[in-house]
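Below: one structure, written as structure tokens.
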Amino acid sequence: MSELRAAIIGVGRLGALHARKYAALSGVRLCYVVDTDPTRARAIAAETGAVALPHHRALAGKVELASVATPGRTHYEIARDLMLLGVDVLLEKPMAATLAEATELAEIASRAGRILQIGHVERFNPAIVRLRSILNAPRFIECHRLAPFSERGTDVDVILDLMIHDLDVVLSATVAEVVALEAVGVAILTERIDVANARIRFADRLIANLNASRVAPRRERKIRFFQPDAYISLDYEARRIQVYRKNPPPPGSSYPVISAELIDMGEGDPLGDEIAAFVDSVRTRATPAVNPADGLRVMKLSERILETIRQEAILAAGDS
């Protein structure tokens, strides 16, 4: 098959990483970069051998695929326009700013026959990939995703900015429906929710407790699983898994023995693997690794968490 032509819309920190991955990928030619900051666009274009363009609509007829790495509130308009122009899209999380927008994007992709892959990059984290062979009907999941404050991502609440990564991983571990939800969140440095906690019960009796903060003193990206045969602790950033299992008592003892296993997955390249999977879907027209239905499931739960937090805030204001 001939070389695919690609574009990046939004070349800030994350979009610049996308651009470099595409530029290094065989079978794909990064042709264009688009950004509202022309100086930034020209700099990334010069680095990658692409051409800087002022607006995503100027890509009509010029590319087969594109990554959208702009602020979350712009995702709907840009992804919609690109798909209607006949372009397949790798859309960074969040899928959109609202569930209604995300639903429309999924419908457009279906009607137009376009590949729409949602950028839940943790699915491609080597530790998460390895985890799939270890998980066995977990009963409790605990997540901590903390970060010092940065202006990046503050156009949406911390649920759509940070917690959404863990929501996707949790939802990929169960097909059961949510039957109960408690959530609380507060704004600290922005007008949106900066710190949040959600406790979710699923129909299969799995409980997930998620914590997210973008005003923490240090970074932390960890998720822990408790299941009948093991306790599993995973560090997203170190790409390391610790597994503790209960083994039968040795002869002459009444107490089981706990065995520990450390699985170090090494550096890996989650973003590169994500982009390669997207390109493969574009070539083969196969369903992408993280498809619109996956994205919508996360968006539905995210919106339910946000609505629960709003209702809790209203009740708290009434009590005072």
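The values are calculated or read from the model by the stated rules, or taken from the named source; none is laboratory data. Given the structure is predicted, the values throughout are model-derived calculations rather than measurements. Don't worry about glycine lacking a Cβ; one is built from the backbone with ideal geometry, like all the others, and counts go over all protein chains shown.
Laid out as a table, the results:
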item: Top-ranked residue in the range 218-232 [being within 21 Å of PRO126 (Cβ to Cβ) and not aliphatic (A, V, I, L, M); ranked as surrounded by the fewest Cβ atoms within 10 Å (Cβ to Cβ)]; result: ARG219
item: Test result for THR190, in a loop (DSSP other than H, G, I, E, B), polar (S, T, N, Q) and closer than 18 Å to HIS120 by Cβ; result: no
item: Set VAL243, VAL279, VAL298, VAL257: member being out of contact with any Phe, Trp or Tyr (no Cβ under 8 Å at 6 or more places or on another chain), over 26 Å from PRO148 (Cα atoms) and in contact (Cβ under 8 Å) with a residue 60 or more places away in the chain; result: VAL279
item: Residue that is surrounded by the most Cβ atoms within 10 Å (Cβ to Cβ) [pool: residues in the range 233-284 that are over 30 Å from GLU64 (Cα atoms) and of a type in the set (Lys, Arg)]; result: ARG239
item: Subset of the range 37-51 (residues that are of a type in the set (Ser, Thr, Tyr) and touching a residue at least 24 places away in the same chain (Cβ under 8 Å)); result: THR48
item: Residue within the range 196-217 that is surrounded by 15 or more Cβ atoms within 10 Å (Cβ to Cβ), without any contact (Cβ under 8 Å) to a residue 40 or more places away in the chain and either closer than 18 Å to PHE149 by Cβ or among the polar types (S, T, N, Q) (or both) present; result: yes
item: Sole exception among (1) assigned to a loop (DSSP other than H, G, I, E, B); (2) closer than 30 Å to ALA230 by Cβ for PRO148, by number; result: (2)
item: Filtered residue count, the range 2-51, keeping only those that are at negative phi, in a loop (DSSP other than H, G, I, E, B) and surrounded by fewer than 22 Cβ atoms within 10 Å (Cβ to Cβ); result: 7
item: Selection from the range 166-175 of residues that are under 11 Å from ILE207 (Cα atoms) and in a loop (DSSP other than H, G, I, E, B); result: THR174
item: Yes/no for GLU92 being more than 21 Å from ASP280 (Cβ to Cβ) and charged (D, E, K, R); result: no
item: Positions within the range 136-155 being closer than 18 Å to ALA216 by Cβ, surrounded by fewer than 22 Cβ atoms within 10 Å (Cβ to Cβ) and modelled with pLDDT of 95 or more, in sequence order; result: GLU142, HIS144, LEU146, ALA147, PRO148, PHE149
item: Boolean, PHE140 is aromatic (Phe, Trp, Tyr) and over 16 Å from the mean Cα position of the chain (by Cα); result: yes
